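One structure below.
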Amino acid sequence: QVQLVESGGGLVQAGDSLRLSCTVSGRTLSAYTMAWFRQAPGKEREFVAAVSWTGSTESSDSMKGRFAMSRDDTKNTVYLQMNSLKPEDTAVYYCAGRGPAAPSRLKNQYDIWGPGIPVTVSS
């Protein structure tokens, strides 16, 4: 059974940086296209970034330049580097996976999800 577990979240101040990690267990990461989504209180879950099993990437236009996703298949882990954090980045961040396919911004294209990890950015 494939499982995703996020780590690295927490409370930071505006302008700080944070790196989230998502570790895959139960199967090798190289077989998956992975993504990050986030959900702020009272809002829909929104796409942040994705990286395909071949390494092609897709990023949200509103976060491009501040957030960057990467993957390390040797560690079965994907990362989300978040810089210049703003209070509006406060959300629960979710890691998601799908089989070998192009990156997608649509959450219903992903069939494996981590439990989520909260990130709070104070002003």
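Any read-out appearing in this document is the output of simple, stated calculations on the displayed coordinates, not a laboratory observation. Because the structure is a prediction, the values reported are computed rather than measured. Neighbour counts run over all protein chains shown; Cβ positions are idealised from the backbone, glycine included.
Observations on the structure shown:
- Estimated distance in nm for a label pair at Arg105 and Thr74, the labels positioned 7 Å out from Cα along Cα-to-Cβ: 3.4
- Inter-probe distance in nm under a simple model that places probes 7 Å from Cα toward Cβ, at Leu11 and Lys86: 2.3
- Put a dot 7 Å past the Cα of Ser56, heading toward its Cβ, do the same for Glu44, and the two dots end up 2.4 nm apart.
- Test item: Cα-centred dipole of the chain, Lys/Arg +1 and Asp/Glu -1 on Cβ, debye: 80
- Listed peptides 58-65, 115-122 by packing density, highest first (mean Cβ within 10 Å): 115-122, 58-65
- DSSP beta bridges in region 10-123 [antiparallel fraction, %, rounded to 5]: 85
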